[in-house]
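The values are calculated or read from the model by the stated rules, or taken from the named source; none is laboratory data. A quick note: this is a predicted structure, and the numbers were derived from the prediction, not measured. Every residue, glycine among them, receives a Cβ derived from its backbone with ideal geometry; neighbour counts consider all protein chains shown. With ligands, DNA and RNA removed, areas are computed over all heavy atoms of the protein, side chains included. Shrake-Rupley method; radii C 1.70, N 1.55, O 1.52, S 1.80 Å.
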Amino acid sequence: MIEFANVSKTYGHTADAPKALDDVSLRIGSGELVVLIGGSGSGKSTLLKMINRMEQPDTGTVALDGQDMVHMPLRELRLRMGYVIQSVGLFPHWTVARNIGVVPTMLGWKPERIAARVTELLSLFDLDPTTYGPRYPHQLSGGQQQRVGVARALAGDPEVLLMDEPFGALDPLIRTALQDEVKRIHQASGKTIVMVTHDIDEALRLGTQIVLLEQGRIVQVGSPLALLSQPANKQVADFIGRSDVGIKLLSLQSAGSLARVEAPQSTPFLPASASLREAVSTLALHGCQSLNLLDDTGAHAGVLHATDLFNRRHTGSLPLSDDQGQHA
Amino acid sequence: MRVAPNRLVSGEAVSFFDLLQGSAWGLAVLLIGLLLLSLAPPRRICLWLTVVAATVLAVGLGIQAANHATQVVQASTPFARTALGSGLWLVWLLLGLVLADALQALRAGTLARLGVATAVLLPLGLMLVSGGADELSIMKEYANRSDEYWGVIARHCQIVALALLFTLAIGLPLGWATHRYVRVGRAMFPLLNIVQTIPSIALFGLLMAPLAWLAASWPALGRAGISGVGLAPGVLALTLYSLLPVVRGTLAGLAQVPSAVTQAAQGLGFSPAQLFWQAQVPLALPVVLSGVRIASIQAVGLAAVTALIGAGGLGSLMFEGLFSSAQDLVLLGVVPIVALGVLVDGVFKLLIARTRPATPNMESAH
């Protein structure tokens, strides 16, 4: 658990210098995927960097598992945390394998264990270990480099993974793929992940908790659903983008959650794990009223009817969880 | 080719066309061939033919000149001097350019370049060693001084090596300091720039007084070799000149280490020492070495001037030749300086390429 208590920070020494962080208090529970979001100058990056003490608070405390971080040895603290930055920062003179193995090496792991860990992580990120392990960073595409960057951050099996706008420099297709991978890793490992982004869609896709910051202050903390359905004020609503809140709400719920148990129809197919947003898109594309849903194995998993989607919206009731309203 | 009755008279020129007989015709044909090749489209075969023709021509002209010198001497007094004419030096220079250009166009690797260099230098070197060129005036000058010659070269190398040693010992930490503390750089660079603009002879003069005073005040220093003239001021001045490129190179090298790399390293838990030795040093090294390379080549050349204050080295031969208008003696001093410069340049280029493991142009075939 990470706890910020009344943290303030000012860059520069002039009296009128704006506060990067202004009396911020925040609790990040273990196993959460917390997204810090806000415009530039909102203090989101500063807040993240205080977790591995790349930045120090002027006043207030940051505690890890109830212990004030100021009293912890800096190196051990950082070795317990994975760190991913937007510009990746792979060591250009080292191979991919050595890059990934750097934290385990510093932790004093045995070479065989490091090699096994590197192989495991490369496979996890869909990079063939024998092909990509011996390559140098400049021989990889941007998306592959950031995959290696995330793998390097995970290599020492850290308790906390810190990601500072990790996918900001990638093109949308690759960004989505990496977001899925991070989500998968979070669900599989239960690690605490703190991510900074300025992309509200990324925040809604990934976050279990979203922290919206503005000018060094926390404006709202809540689940994606809470942020969409109960924005604290006009600023939050503006930031989320009011015009397509309905569409964004659909993206939080899976298509499978509205499936009716029916025999397959002669309509297009969609994975049951896809979001309702994708379902609407597919329905609009094919100009039809229903979709066949498929489970992970490709087996039939019910039928999604357009009317169910829009009935729910029409009644004004908000979907509260994936399980609710499941007909199956 | 110039023939003179003795070493002081400037002599009469002998044209290449006067020597046009026997094997020299072959060389003339090669020369014309080379001219024609320059008009040919730059295909690989043409370029290789150019390389071969230029190599043979460079070697052949040297041997031809040496042979003629031998004939001339047999026909006249032992005081007669046969010097290589300016035309031959010019042709050699141009052939060097032709070779460099052709090899560049062929994108020849280090091995091919070394091969061509050997093909040119080995036969000429063998001729020098075997005595085939002994009648050339430059070799006569060498014969006059053969017992001290290698000592002079060693002395030259010693001056350069000492200066570089001191430069690295001071310049590398100084470069690091200018990177770490902006203020140091702000104080350092104007000073180093000023030193760099002082003419070398003036700098020696400036150093003579304080060093002489030092030696006089502390006789122990004098016994250790510190004095107003000789090795100490020479090495000191060279060190001062070499500092600027080394400090600049170190600063540039450290500055071009991507900030993302340092940031990631710190965030991952590198200690300051690990950050320095594992990330900054290997990534800065090629640029730092470029600075050292410039300093070294500069030092090889400037070391000649230290002869003026009695430091010795190849400069002493050069100046002796200049003051007694014996051109061949000047050449005897200058040719090894040039050769040393080229050698140092090559060694550093090789080192720099070796320390650049992860740049796109070193991409391994995977």
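If each DSSP helix of 4+ residues adds -39,500 (n - 2.57) and the sum is divided by the residues in chain A, what number results at 222 nm, nearest 500 deg cm²/dmol? Walk me through the numbers on the way to the answer.
On the way: 14 runs with 120 residues, N = 328.
Calculated from helices alone, the mean residue ellipticity at 222 nm is -10000 deg cm²/dmol.
Would you please give the FRET efficiency between B:Gln104 and A:Thr307, computed as 1/(1 + (r/R0)^6) with r the Cβ-Cβ distance and R0 = 51 Å, to the nearest 0.05? Each step should come with its number before you reach the end.
Numbers: r = 74 Å, r/R0 = 1.44.
Calculated transfer efficiency: 0.10.
Could you give the length gained by full extension between B:Phe323 and B:Ala255, i.e. 0.36 nm per residue of separation minus their alpha carbon distance, to one decimal place? Display every interim value, and only then the final one.
Numbers: separation 68, 0.36 × 68 = 24.48 nm, distance 4.74 nm.
Extra length from B:Phe323 to B:Ala255 when fully extended: 19.7 nm.
Do you know which residues of segment A:118-148 lose at least 40 square angstrom of accessible area in the protein assembly compared with their chain on its own, with a 1.4 angstrom probe? Output list: A:His138, A:Gln139. Neighbouring Cβ atoms from other chains, within 10 Å of the Cβ of residues in B:266-279, number 6 on average.
Neighbouring Cβ atoms from other chains, within 10 Å of the Cβ of residues in B:254-264, number 4 on average.
Protection proxy ranking for A:70-79, A:288-297, using the average of other Cβ atoms within 10 Å per residue and placing the highest first: A:288-297, A:70-79.
Considering only B:Gly175, A:Val219, B:Ser296, the residue lying farthest towards the positive end of the dipole of the protein assembly as shown is B:Ser296, judged by Cα position with unit charges set on Cβ.
Counting protein heavy atoms only, chain A has 52 percent of its accessible area on carbon and sulfur, 1.4 angstrom probe.
How high is the relative contact order of chain A, given as a whole-number percent (alpha carbon pairs under 8 Å, six or more residues apart)?
Numbers: 601 pairs, mean separation 58.2, N = 328.
Across chain A, relative contact order equals 18 percent.
Report relative contact order for chain B in percent, whole number only (criteria: Cα-Cα under 8 Å, sequence separation at least 6). Over chain B, the number comes to 15 percent. What separates the Cα centres of segment B:167-242 and segment A:161-236 is a distance of 59 Å.
Couplings for segment A:206-214, taken from phi via the Karplus curve 6.51 cos²θ - 1.76 cosθ + 1.60 with θ = phi - 60°, read 9, x, 8, 10, 10, 10, 9, 10, 8 Hz in order; Gly and Pro are left as x. Ordering A:Arg135, B:Arg186 by accessible surface, largest first, gives B:Arg186, A:Arg135; the 1.4 Å probe counts only protein heavy atoms, with every chain in place. Put simply, chain B fits an ellipsoid with semi-axes of 44, 32, 14 Å; these come from the alpha carbon gyration tensor as the roots of five times its eigenvalues, largest first. Proximity of backbone amide H atoms, modeled 1.01 Å from N, is registered between A:Val219 and A:Leu212, A:Leu213, A:Glu214 at under 5 Å, excluding neighbours fewer than 5 places apart on the same chain.
Annotation: amide H of A:Val196 within the under-5 Å range of A:Leu36, A:Met163, A:Asp164, A:Glu165, sequence separation 5 or more or interchain, hydrogens built in the peptide plane.
Just tell me how shielded A:151-157 is by partners: mean number of partner chain Cβ atoms within 10 Å of each residue's Cβ, no decimals.
Working: counts 0, 2, 3, 0, 1, 2, 0.
That works out to 1 on average.
In terms of Cα atoms, the Rg and Dmax of chain A work out to 21.9, 70 Å. Each peptide in B:287-300, A:215-228, A:17-30 gets a packing score, the mean of other Cβ atoms within 10 Å over its residues, and the list from highest to lowest is B:287-300, A:215-228, A:17-30. Kirkwood hydrodynamic radius computed over the protein assembly as shown comes to 32.2 Å, based on all pairs of distinct alpha carbons.
In order along segment B:49-60, the phi-based Karplus estimate (6.51 cos²θ - 1.76 cosθ + 1.60, θ = phi - 60°) of 3J(HN,Hα) comes to 4, 4, 4, 5, 4, 5, 4, 4, 5, 4, 5, x Hz; Gly and Pro are listed as x.
Could you calculate the contour length gain from A:Gln265 to A:Val70, that is, 0.36 nm times the residue separation minus the distance between their Cα atoms, to one decimal place in nm?
Values: separation 195, 0.36 × 195 = 70.20 nm, distance 6.22 nm.
Taking A:Gln265 through A:Val70 to full extension adds about 64.0 nm, to one decimal.
List the accessible area buried at the contact between A and B, summed over both sides and calculated with a 1.4 Å probe, in Å² to the nearest 100. Approximately 2000 Å² gets buried when A meets B.
Per residue, what accessible area does the protein assembly as shown have, given a 1.4 Å probe and all protein chains present, in Å²?
49
One equal scatterer on each Cα of segment A:27-89, no solvent, Debye formula: the resulting log10 I(q)/I(0) at q = 0.22, 0.26 Å⁻¹ is -1.15, -1.47. Computed from phi, the 3J(HN,Hα) profile of segment A:122-127 under the Karplus parametrisation 6.51, -1.76, 1.60 (θ = phi - 60°) reads 4, 5, 4, 9, 6, 10 Hz, with x in place of Gly and Pro.
What is the magnitude of the charge dipole of the protein assembly as shown about its Cα centre, with +1 placed on the Cβ of each Lys and Arg, -1 on the Cβ of each Asp and Glu, and no other charges, expressed in debye to the nearest 20?
Details: 48 positive and 46 negative charges, 224 e Å.
Computed about the Cα centre, the dipole is about 1080 debye.
Treating the beta-carbon of each Lys and Arg as +1 and of each Asp and Glu as -1, no other charges, what is the dipole magnitude of chain A about its Cα centre, to the nearest 20 debye?
Numbers: 29 positive and 34 negative charges, 82 e Å.
It works out to roughly 400 debye.
Compare the peptides A:143-152, B:61-70, B:205-214 by average per-residue count of other Cβ atoms within 10 angstrom and give them in order, highest first.
On the way: A:143-152: 23.5, B:61-70: 20.0, B:205-214: 15.3.
Order by mean packing, descending: A:143-152, B:61-70, B:205-214.
When only the heavy atoms of the protein chains count and the probe is 1.4 Å, how do B:Val195, A:Val236 rank by accessible area, highest first?
The most accessible residue leads, giving B:Val195, A:Val236.
Using +1 at the C-beta of Lys and Arg and -1 at the C-beta of Asp and Glu, which of B:Pro123, B:Gly312, B:Ser242 has the Cα lying farthest in the positive direction of the dipole of chain B? Result: B:Ser242, furthest along the dipole toward the positive end.
With the dipole of the protein assembly as shown worked out from charges on the C-beta (+1 for Lys and Arg, -1 for Asp and Glu) around the Cα centre, which of A:Gln146, B:Leu106, B:Leu34 lies farthest toward the positive end? Going by the charge dipole, the pick is B:Leu34. Close amide H pairs (under 5 Å, H built 1.01 Å from N) link A:Glu55 with A:Met50, residues at least 5 positions away or on another chain.
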